[in-house]
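Contents: one structure, followed by commentary.
Derivation of every value follows stated rules applied to the coordinates shown; laboratory data play no part. Please read all numbers here as calculations on a predicted model, not as lab measurements. All Cβ positions, glycine included, derive from the backbone under ideal geometry; neighbour counts span all protein chains shown.
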Amino acid sequence: MAETMRHSSIRKVAKLMIKEYMVIIGIILLSIVFSLSSPYFLTWDNWKNILLQSSTVAIVALGQAIILLTGNFDLSLGRNLCLASCVGALLMKGQGIATVAWNPWLAAIIMICLAAFVGLCNGLLTAYVGLPAFIATLGTQYICYGVAKLITSATPIPKLPDAIGFLGRGFLLSIPVSVIIMLGLYAFAQFFSIKTRMGRNLYAVGGSKEAAFFTGINVKKYTLFAFVIAGTLAGIGGLVLMSRLNSVSLSNGQNYEFDAVIGSIIGGISLAGGKGKLIGTMLGVIFLITLFNGMSQIGIDPFIQDVLKGFVLVIAITIDVLSNKKRT
């Protein structure tokens, strides 16, 4: 009897360990496979590129993950990033909506505030007006993209001020500054979500809105809070991305909202809400970027990669749905 219980405990611990570190294991396995197929995959230059790409997507994905914890999602994050970047770039350059060039850091603050305002609108429409998140954020997605096209005349804005260049292209002890920003944001978010009452309340709202309401949690306030934080992170992600590219165009942030959802689900955040660790989202994004970087290294057609990304999304959601059914 004791022997059976001991083996059962070992199996449970093993399953828990595999679940907790599955994404890390996946990244390692991908690295082994692609390194056998391409001599360039394991080079520092290639991994630096993976981390640089991952950093901007992961910053936006952190906001998406926080919204997913509340049982909602945001389809406007990519276009919110695009609009904020366009406004920030025009202000920095003194073009279009700006008659003179603004201080780059003041323009950066304005663009982050604008992105947060879009998040605020999404939160108000979802939490207080009662619109489904899908409808509210789909609407703001089109609005953001339309306004971005209007103020830029659909023309790219190149050569941004050097003052912000280090955010996306700078290094600290050989580590990209954008990666340090990503790590700092995730470390704070992970601490906040686990160690603070507000963080735990976000999980409670996603777990059951009715139960959270009857325990005295203001569900609408926390839903609004999640959308504002996600908008703010979209603005920060946009600032880092425009700094890395040294330009802004309408393609900035394209499909980031979907990459953010895929990365979040791969990292263990549940679409049902209330489950998962935020730090897993960062690992999920790195897994996703590593996968497509490796496929590019071995010459797989980009159009086929788009098809595979759809499969990855469907598989990730299917696994999430099935695991939730098992719990119930």
Kyte-Doolittle cut-off 1.0, length cut-off 18 Å along the helix's own axis using Cα: show which whole DSSP H helices in the chain pass. 22-37, 77-93, 104-123, 133-152, 177-195, 219-245, 278-297
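Counting alpha carbon pairs within less than 8 Å and at least 6 residues apart, what relative contact order, in whole percent, applies to the range 46-327? Each step should come with its number before you reach the end.
Working: 515 pairs, mean separation 96.1, N = 282.
It comes to 34 percent, rounded to a whole number.
Run lengths n ≥ 4 of DSSP H only: what is the helix-derived mean residue ellipticity at 222 nm for the chain, with -39500 (n - 2.57) per run over all residues, to the nearest 500? The partial results should precede the final answer.
Working: 14 runs with 243 residues, N = 328.
After summing the helix terms and dividing by residue count, I get -25000 deg cm²/dmol.
Using a 10 Å cut-off on Cβ atoms, rank the peptides 208-221, 233-246, 135-148, 171-184 from the highest mean neighbour count down. Numbers along the way, then the final one.
Numbers: 208-221: 14.2, 233-246: 27.4, 135-148: 18.8, 171-184: 15.9.
Put in order of decreasing packing, that is 233-246, 135-148, 171-184, 208-221.
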Whose amide H sits under 5 Å from the amide H of Leu75, counting only residues 5 or more places off or on another chain, with H placed in the peptide plane? Thr137, Leu138
Which of the three applies to the range 185-328, rounded, prolate or oblate, going by the alpha-carbon gyration tensor with a ≥ b ≥ c and a/c under 1.5 meaning rounded? oblate
Rg/Rh (Cα only; Kirkwood hydrodynamic radius) as it applies to the range 46-327: 0.97
The range 123-163 and the range 59-102: distance between their alpha carbon centers, rounded to Å: 7
Tell me, rounded to the nearest percent, the portion of alpha carbon pairs in the range 220-274 spaced more than 12 Å apart. 74
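Taking 22 Å as R0, compute the FRET efficiency from the Cβ-Cβ separation of Ala163 and Cys113 and round it to 0.05. Mind dumping the intermediate values first?
Values: r = 19 Å, r/R0 = 0.84.
Once rounded, the FRET efficiency stands at 0.75.
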For Val248, what residues show an amide H to amide H distance below 5 Å, using hydrogens built from the backbone and excluding near sequence neighbours? Ile157
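Kirkwood hydrodynamic radius, computed over distinct alpha-carbon pairs, for the range 40-159: how many Å, to one decimal?
Hydrodynamic radius (Kirkwood, Cα pairs) of the range 40-159 is 15.8 Å.
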Comparing Leu224, Leu250, Leu308, which has the greatest mean-square fluctuation in the GNM of the chain with Cα pairs linked when under 10 Å apart? Leu308
